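K.L.:
The structure follows.
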Amino acid sequence: MQVFKFAVGLCAAVSLSACGAPEEPVEQEALARQESTLVTGTTQGCTFTISAVPVPGSMPPREDLVVTRAASSTCAYGAGSVTLGASYGTMYRALLANSYGVATAYSYKPTPSGSSMNRCQVNHIDPATLSIVRSTDIVVMYGTQHVQSCALDQTDGGSTLVVYGTKGGPLPGEVGNRPNYVATYYNFFTSTTPPVYYTY
């Protein structure tokens, strides 16, 4: 993880093609799988969890992506939940909580069609109201290939959100044109600035 954070910090300022990151798609895939298990976080005394909940009776099978806030003696807001969206198959999901708020990322397939490609949705959730403050998708241009995985990290004390994983085609404006991506959202929790994509 330290190697990844070093690469993120360095490549947030310069292109990954210039910083010479090694080609390790298999190891990156394993790292994304490991990070995708980080589905719980705590902020303002409250614990938040992202889950994929099967929708009963749906054919083909569909899942709702739900963020739950647990009731506890340290959480002033009490129990609650919000549904972020639905997917015909959810492979990756992640949640990160800090003093700025709650961020989530999950891969989803928007329709059951065989031509429907997986993408990654990234959300900013207000810890108090559970409202979705910001929602943005990472999607291969023209929806021609999958975004195969997405995981979360942070820099700059938490104000900058980093989403990373693997994808099968070009992202808009990407630098590097390689299969592993890093999407850097500067001031994610306080602006609507689009991400900067580096690939390696």
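The values are calculated or read from the model by the stated rules, or taken from the named source; none is laboratory data. As the structure is a computational prediction, the values presented were derived from the model and not from experiment. Here the Cβ positions follow ideal geometry from the backbone for every residue, glycine too, while neighbour counts run over all protein chains shown. In case anyone asks, the SASA skips ligands and DNA or RNA and just uses the protein heavy atoms, side chains included. Shrake-Rupley method; radii C 1.70, N 1.55, O 1.52, S 1.80 Å.
K.L.:
Would you point out the residue of region 61-107, among those that are aromatic (Phe, Trp, Tyr) and within 24 Å of GLY168 (Cα to Cα), that is most open to solvent (accessible area, probe 1.4 Å)?
P.N.:
Among residues in region 61-107 that are aromatic (Phe, Trp, Tyr) and within 24 Å of GLY168 (Cα to Cα), the one most open to solvent (accessible area, probe 1.4 Å) is TYR88.
K.L.:
Would you point out the residue of region 142-165, among those that are assigned to a strand (DSSP E or B) and out of contact with any Cys (no Cβ under 9 Å at 6 or more places or on another chain), that is nearest to ARG119 (Cα to Cα)?
P.N.:
So the residue we want is ALA151.
K.L.:
Is region 151-169 home to any residue that is within 19 Å of ALA94 (Cα to Cα) and open to solvent by 60 Å² or more (accessible area, probe 1.4 Å)?
P.N.:
The answer is yes; a qualifying residue exists.
K.L.:
Restricting to region 170-182, name every residue that is crowded, with 22+ Cβ neighbours inside 10 Å and over 15 Å from ASP137 (Cβ atoms).
P.N.:
ASN180, VAL182, listed by residue number.
K.L.:
Please determine whether any residue of region 183-199 is of a type in the set (Phe, Trp, Tyr), over 15 Å from the mean Cα position of the chain (by Cα) and open to solvent by less than 70 Å² (accessible area, probe 1.4 Å).
P.N.:
yes
K.L.:
Considering every residue within region 108-122, establish whether at least one is modelled with pLDDT of 95 or more, open to solvent by 50 Å² or more (accessible area, probe 1.4 Å), over 18 Å from THR40 (Cα atoms) and in a strand (DSSP E or B).
P.N.:
Yes, region 108-122 contains at least one residue that is modelled with pLDDT of 95 or more, open to solvent by 50 Å² or more (accessible area, probe 1.4 Å), over 18 Å from THR40 (Cα atoms) and in a strand (DSSP E or B).
K.L.:
Further question: Does region 128-137 contain at least one residue that is open to solvent by 40 Å² or more (accessible area, probe 1.4 Å) and either of a type in the set (Phe, Trp, Tyr) or at pLDDT below 95 (or both)?
P.N.:
no
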